[in-house]
Amino acid sequence: MSRIRITDKTFQRLSLVLLVSILAAASYLVGFVSQVIPTYLGEVEESQIFHPTAEEPSEFAVYWEAWNMVEEKFYGELPDAQTQAYGSIRGMLAALGDPNTFFIEPPDREIEEARFQGRYGGIGADYTMRNGYLVVVTPFQDSPASRAGIRPGDIIIAVDGTDIFGLSQNEGILLIRGRVGSKVQLTIRREGELEPLILPLTREEIEPPTVTWELKEEGIGYIKLSFFGGRTNGELRRALTQLQSQGATSLILDLRNNPGGLIGAAVDVASQFIDTGLILYQRDPEGNDQPFPAKKGGLAIETPLAVLVNEGTASAAEIVAGALADHKRAVIIGEKTFGKGSTQTVRELSDHSSIHVTTAHWLTPEGHEIEGAALIPDLEVPLTQEDIDNQRDPQLDQALAYLRSLLPYPASGALQSENIMSTNRGV
Amino acid sequence: MAKAAKLAGFTLLMLFIIATSYLAGSAAGFILTSPVMAEKSIAPPPAPEEEFRVFWEAWRIVENEFYRRPIDSKELTYGAIRGALSTLEDENTAFIIPEHIAIIREDLTGTFEGIGALVEMNEDGYLVIAEPLAGRPADLVGLKAGDLVLEVDGVEIRGMNLIEAISLIRGPKGTTVRLTIQRQGVLEPFEVEIVRERIELRTIEYRLLKGEIGYIKLNEFNSQAPRQLRAALIDLLAENPRGLILDLRDDPGGLVTAAIDVGSEFIAQGVIMSERGKDREEDHEAQGGGLATEIPLVVLVNGGSASASEIVAGAIQDYGRGILIGERTVGKGSVQVQHQLSDGSGLRITIAHWFTPHGRLIEGEGLIPDVEVYITDEHLASGLDPQLELAIDYLER
């Protein structure tokens, strides 16, 4: 009875063990990207090799009993074997009752891997789906898209002459992506233009930036982290160095709408601001807590800091905000965070489909669970639709006001307003 | 019936319905007349499909890595079955856990042990008392329509499905169940303790209207329905009424056999319904000997009339045996069979579509009444029933 032949080889192919965090659509800034972007927390590890027993569990017999009856009696079309297998996996995972444990079919997996690696052949833009077509949200700086004059709001109606209406967002994106150096032709409809524009582009290796920064005003640097990827810490260090050379003596770290990413990146980022102590605990299935301490060599361990968060701040971003809050290293401003504090391992199956399995939960340095418990800002400042319509950002304004109040005492390290820090703290 | 007989033994041919409202614990939902037996021998599983290998890969990963332990192989298996069935894209083909089998069986017999109330799940996922049955335990302790049941014996109900909630409320007669109730206008939730009793569903209600019209309301097509209908007809016909009104409004259906029996009381001969399934076709004929095959007849239907109700109403309409008054029906044109699996769980599978005598498939369409009459909120508020009134007018003319 060797019904299952899972060979070692099958699993040797599983070269990836990723720790992942997922965030739902609602959290994206200003009405745009409605895609669920998988983000990764953790590093690539050596996959363990399974030695499964050849026997199915005895409890599973009833599955075949049921399915045999369906095959014999069901009036209607039967699914193919792959659909059945995928459906069964989905159902099995659903039985665990954990929304972060789920199955992904092979095509989506390609996009995930690209995101994880941060490199793919593309034209360099973010998209959203509207009325069945892809709409450009942001062309990345110095990308084929921006050089070709593609603008936010451009509607992509065809790729290489193929109408993309009816395709999913991921399917559409996959059409645009391809081998680095290959050509792709986009048919674009733009407001104000009568005829569709036809733009030929050459795909390049795209590395979406995860850190943007600017000196907001005298002495106050602003850094926005959109994602915790493999290059984020390097980008952040470059930002810190440049801002400090421009005279920044206090900082705003904007983690709003940051869905998370690699857990290692979270530790690295927090370590730029925290000198000693813990960044987080990871609780494994046996209930053991593994501490992740701060790394030495942070560039801004004493710089006064305000952190902006909102409901789109999730997982790795919440770890960073939570660690900074627990260490009383920053004032947290904005709205309560998402509350996603678990680690997923992404496991690739032999047909390149994959499953995300929740393998651990995180706790802040003070031992607060993040999962299901939002981080409450020290200063709660809502962002209303009216603010968005008028392009106002009261959360940023609050951070600026707070840091300005500290300017007479620049770079002293400790924050002055103990009373602010002690209000409304909670996870 | 020869072919159907071949299916018997461990299976029971039945129709399911989309239940809108369940009787305390239970249901007008799906129904099962006699205990079904587990299959004795389990066929060896088919040769493993290459495609299924990924399932076992996923299974092992979950066993080895999922953060919460222990992993329950049975729960995973049940989940896998649900997932596999979902790929059939048929909402009527479903897996039933062992705990729910008993409830479904009780529903088919029309009796169970519980508190005696109709319950339903509202849009917010709360269990609501739709109607406490007069004089039964729920009514006697003062439960009212609209009460929300927050907890049963301290277990929170929200998030459960209806059958799960029902299975907690039902229990052996003489035992006590503690409900935590939230009532509109009362600030704090309160608890009531109710001693369960044997509850018989009112399968049929009947009376003589205006001294000359027989009115029969059939609430569901359980195994009691044909016998109770016959008794009702004998009573009513003894009064020599001018006509009959068969009220199938909000009757979600039940057993195919009950539908044929009920139809046969009104239709003297001919096919009542035909089934067409995989490799099988079967005509269900009127059995003859019906008590009310000549008397003027009106059938009341609405958007809650489903499956077995539609079989009876559809046959009456096709043969011109009576007229249909009311609103378009649900349109449940498929037939399910329920199997018990070896571990006590169950599986109901859509095995056929059924057609009216004139070959209509009503799936997704429903029956359109000969006279469409709608009941508005105003009618409800003032206790009016224009559908029934029109039926009476029609028969009096």
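Express in nm, to one decimal, how much length is gained between residue B:111 and residue B:195 on full extension, taking 0.36 nm for each residue of separation and deducting their alpha carbon distance.
Details: separation 84, 0.36 × 84 = 30.24 nm, distance 1.64 nm.
Full extension of this stretch gives 28.6 nm more.
Where Lys and Arg each count +1 and Asp and Glu each count -1, what net charge lies around residue B:177 among other residues with Cβ under 12 Å from its Cβ? Provide the component values of the computation, followed by the final result.
Details: positive: B:170, B:173, B:178, B:196; negative: B:113, B:151, B:153, B:191, B:193, B:197.
Local charge sum for residue B:177: -2.
What does the charge count around residue A:399 come to, taking other residues whose C-beta lies under 14 Å from its C-beta (Lys +1, Arg +1, Asp -1, Glu -1)?
-3
Take every residue in peptide A:93-102, count the Cβ atoms of other chains within 10 Å of its Cβ, and give the average of those counts. Walk me through the intermediate numbers first.
On the way: counts 9, 6, 13, 9, 3, 3, 0, 1, 5, 0.
Mean number of neighbouring Cβ atoms from other chains: 5.
What's the exposure ranking of B:265, A:204, A:217, going from fewest to most Cβ atoms within 10 Å? Intermediate values should be presented prior to the final figure.
Working: B:265 23, A:204 18, A:217 13.
Fewest-to-most ranking of B:265, A:204, A:217: A:217, A:204, B:265.
Pick out, in residue order, every one of the GluC sites (Glu not before Pro) in segment A:280-377 that is DSSP loop and has at most 12 other C-beta atoms within 10 Å; say none if there are none.
Values: sites: A:286, A:302, A:311, A:318, A:335, A:348, A:366, A:369, A:371; in loops: A:286, A:302, A:311, A:335, A:366, A:371.
The qualifying sites are A:286.
Report, as an integer, the average count of C-beta atoms from other chains found within 10 Å of each Cβ along B:338-345.
Working: counts 0, 5, 0, 6, 4, 5, 1, 3.
Mean shielding count: 3.
Counting pairs of Cα atoms in segment B:127-250, how many percent are more than 25 Å apart? Before the final figure, lay out each step's value.
Numbers: 3215 of 7626 pairs.
Value for segment B:127-250: 42 percent of Cα pairs lie more than 25 Å apart.
May I have the extent of the alpha carbons of segment B:111-200 along their three principal axes, as whole Å values ordered from largest to smallest?
30, 25, 21
Okay, helix-only estimate at 222 nm for chain B: each DSSP H run of n ≥ 4 adds -39500 (n - 2.57), divide by all residues, round to 500 deg cm²/dmol; what do you get? Kindly include the intermediate steps, with their values, before the conclusion.
Details: 11 runs with 108 residues, N = 397.
Mean residue ellipticity at 222 nm (helix-derived): -8000 deg cm²/dmol.
Taking the Cα atoms only, what angle lies between the long axis of helix B:256-266 and the longest principal axis of chain B, rounded to 10 degrees?
Value to nearest ten degrees: 0.
Which angle from 0 to 90°, rounded to the nearest 10, does the C-alpha axis of helix B:386-396 make with the longest principal axis of chain B?
Roughly 40 degrees, rounded to the nearest 10.
Sorting B:115, A:220 on the 10 Å Cβ count, fewest up front, what's the list?
On the way: B:115 28, A:220 23.
So the ranking, lowest neighbour count to highest, is A:220, B:115.
Using a 10 Å cut-off around each Cβ of peptide A:352-364, what is the average number of partner chain Cβ atoms that fall inside? Walk me through the intermediate numbers first.
Values: counts 1, 3, 3, 7, 0, 7, 4, 5, 2, 2, 0, 0, 0.
The shielding value for this peptide is 3.
What distance in nm separates the two pseudo spin-label positions at residue A:295 and residue A:244, each 7 Å out from Cα along the beta-carbon direction?
For residue A:295 paired with residue A:244, the spin-label model returns 1.6 nm.
Looking at segment B:115-162, which GluC sites (Glu not before Pro) are DSSP coil and have at most 14 other C-beta atoms within 10 Å of their C-beta? List each step's numbers first, then the result.
Values: sites: B:120, B:123, B:151, B:156; in loops: B:123.
Hits after loop and neighbour filter: B:123.
Can you list, bin by bin at 10 Å, the percent of alpha carbon pairs in segment B:211-364, starting at 0?
Using 10 Å bins, I get a P(r) of 12, 42, 33, 11, 3, 0 for segment B:211-364.
Give the order of A:64, B:56, B:354 when sorted by the count of other beta carbons within 10 angstrom, beginning with the fewest.
Details: A:64 17, B:56 22, B:354 28.
By the 10 Å Cβ count, ascending, the order reads A:64, B:56, B:354.
Taking square-rooted eigenvalues a ≥ b ≥ c of the alpha carbon gyration tensor, is chain B rounded, prolate or oblate, where a/c under 1.5 means rounded and, failing that, a/b exceeding b/c means prolate? Please report the intermediate quantities before stating the final value.
Details: a/c = 2.07, a/b = 1.26, b/c = 1.63.
Note, shape of chain B comes out oblate.
Can you give the extra length, in nm with one decimal, that the chain gains between residue B:227 and residue B:276 once fully stretched, where that is 0.36 nm per residue apart less the Cα-Cα distance?
Numbers: separation 49, 0.36 × 49 = 17.64 nm, distance 2.77 nm.
Going from the current span to full extension adds 14.9 nm.
Just so you know, all these numbers are worked out from the coordinates, no wet-lab data involved. Just so it is clear, the model here is predicted, and its values are computed rather than measured. Virtual Cβ from ideal backbone geometry, glycine too; neighbours counted across all protein chains shown.
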